[in-house]
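Colleague: Handing you a structure now.
Rule-based calculations on the coordinates, nothing more; no lab input. These figures come from a predicted structure and were not determined experimentally. Because the Cβ atoms are built from the backbone with ideal geometry, glycine has one as well, and the counts that use them run over all protein chains shown.
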Amino acid sequence: MFIHLKDVSYTYNLNMPFETVALKSINLKINKGEFIGVIGHTGCGKTTLLQLLNGLLEPTEGKVLVDNIDIHQNKQKLREVRKKIGLAFQYPENQFFEETIAKEIAFGPKNMGIAGEELEQRIKKGIEMVGLDYYAYKDRSPFSLSGGEMRRIAIASILAIDPEILILDEPTASLDPQSCSKLLSVITDLYLKYQRTVIMVSHNMEIIAELAKRIVVMEKGGIVMDDTPKNIFQHSLRKLESIGLSLPPVTHTMYELKKIGKPVSSAILTVEEAKDEILKLIRKRERNEIY
């Protein structure tokens, strides 16, 4: 599935006293198999962008093309898109309403006309794809779960529709470190093991740097950068600072070491990379190559 936002703008309350421009002249192409991180300050248009991607909003100007078809000119295509592009808003567990996890996950597929054995298999697969045991969880109340488990079940509800693309808006918001780690492992599996295209919004630069293969940076309703994590965080430091965004903590540490004269690379995005770089520095010092 190929998505192309072509000269897309979106205005809330168009032609009304409180008219607000959320997006302006967005051009963005998304290919199957990508993991894209979207970053930017609150109010820059990230959530509006996500809702345009799966057809929840229709652009004020421009076109949303999926496989080169304008989805808002083809209602059949729009229906297909909403099945193939799953969107999880912030705190999706707030939308729970069924008495059991199985019924909660079944809601979407049932609305698509899926029943019987296929429905049961979709529920089972959805639960297992988020790293939980089907038989241990299917009859439990979704309201009895921990915050991290609720978040994973919310994602399982989307996966039961079998989307090709998964859009996640701040998926780790308000989770404790352990739950956050488990959820990120699930998201990584969805991308690598289950080969889903992932588009994720997050304010956590460390998460984006570690998981995303491409980063889209937004400011005031526009896209100001679109590149690999290494290029964004290594070569665009001043631009990021100018719009109030920070480096991942590990990358920032490498920059500080470099500023005081240590021969380290600043193109470091993960703790594992930082460990290797610092060990190289220690070995050089042991060999008296540096002082």
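Colleague: Which value, to two decimals, describes the C-alpha radius of gyration of region 99-162 once divided by 2.2 N^0.38 Å?
Modeller: Cα-based Rg divided by the globular estimate yields 0.97.
Colleague: Net charge near residue 243: determine it from the other residues with C-beta under 11 Å of the C-beta of residue 243, scoring Lys and Arg +1 and Asp and Glu -1.
Modeller: Result for the neighbourhood of residue 243: +1.
Colleague: Report the FRET efficiency, 1/(1 + (r/R0)^6), for residue 118 and residue 176, where r is their Cβ-Cβ distance and R0 is 30 Å, rounded to 0.05.
Modeller: Plugging the Cβ-Cβ distance into 1/(1 + (r/R0)^6) gives 0.25.
Colleague: What FRET efficiency do you get for residue 13 and residue 288 if R0 is 51 Å and r is their Cβ-Cβ distance, rounded to the nearest 0.05?
Modeller: It comes out at approximately 0.15.
Colleague: Local charge sum around residue 12 (other residues, Cβ-Cβ under 13 Å, Lys/Arg +1, Asp/Glu -1)?
Modeller: -1
Colleague: For residue 27 paired with residue 75, estimate the spin-label separation in nm (one decimal), with each label point 7 Å from Cα along the Cα-to-Cβ line.
Modeller: With each label point 7 Å from Cα toward Cβ, the separation is 3.3 nm.
Colleague: Counting helices only, and only those DSSP H runs with n ≥ 4, report the 222 nm mean residue ellipticity of the chain as the sum of -39,500 (n - 2.57) divided by its residues, in deg cm²/dmol to the nearest 500.
Modeller: Counting only the DSSP helices, I get -12500 deg cm²/dmol.
Colleague: Test of the criteria: in region 92-182, which chymotrypsin sites (Phe, Trp or Tyr not before Pro) are in a DSSP loop and have at most 11 other Cβ atoms within 10 angstrom of their Cβ?
Modeller: When the chymotrypsin sites (Phe, Trp or Tyr not before Pro) of region 92-182 are filtered for loop state and at most 11 Cβ neighbours within 10 Å, 97 remain.
Colleague: Kindly express, to the nearest 10 degrees and within the range 0 to 90, the angle between helix 101-111's C-alpha long axis and the longest C-alpha principal axis of the chain.
Modeller: 70
Colleague: Quick one: length gained pulling residue 68 to residue 110 fully straight, 0.36 nm per residue minus the C-alpha distance?
Modeller: Length difference between fully extended and current span is 12.2 nm.
Colleague: Could you give the size of the charge dipole of region 134-291 about its Cα centre, using +1 on the Cβ of each K and R and -1 on the Cβ of each D and E, expressed in debye and rounded to the nearest 20?
Modeller: In debye, rounded to 20, region 134-291 gives about 500.
Colleague: Placing unit charges on C-beta atoms (Lys and Arg positive, Asp and Glu negative, everything else neutral), compute the dipole magnitude of the chain about its Cα centre in debye, rounded to 20.
Modeller: 760
Colleague: At most 13 other Cβ atoms within 10 Å and a DSSP loop assignment: could you name the GluC sites (Glu not before Pro) in region 226-291 that fit?
Modeller: Hits after loop and neighbour filter: 289.
Colleague: Just need log10 I(q)/I(0) for the chain at q = 0.09, 0.15 Å⁻¹, Debye formula, equal scatterers on the alpha-carbon atoms, no solvent, rounded to two decimals.
Modeller: Scattering profile of the chain, log10 relative to I(0): -0.50, -1.18.
Colleague: Something else about it: Using a Gaussian network model of the chain whose springs link C-alpha atoms within less than 10 Å, name the residue from 270, 42, 20 with the highest mean-square fluctuation.
Modeller: 20
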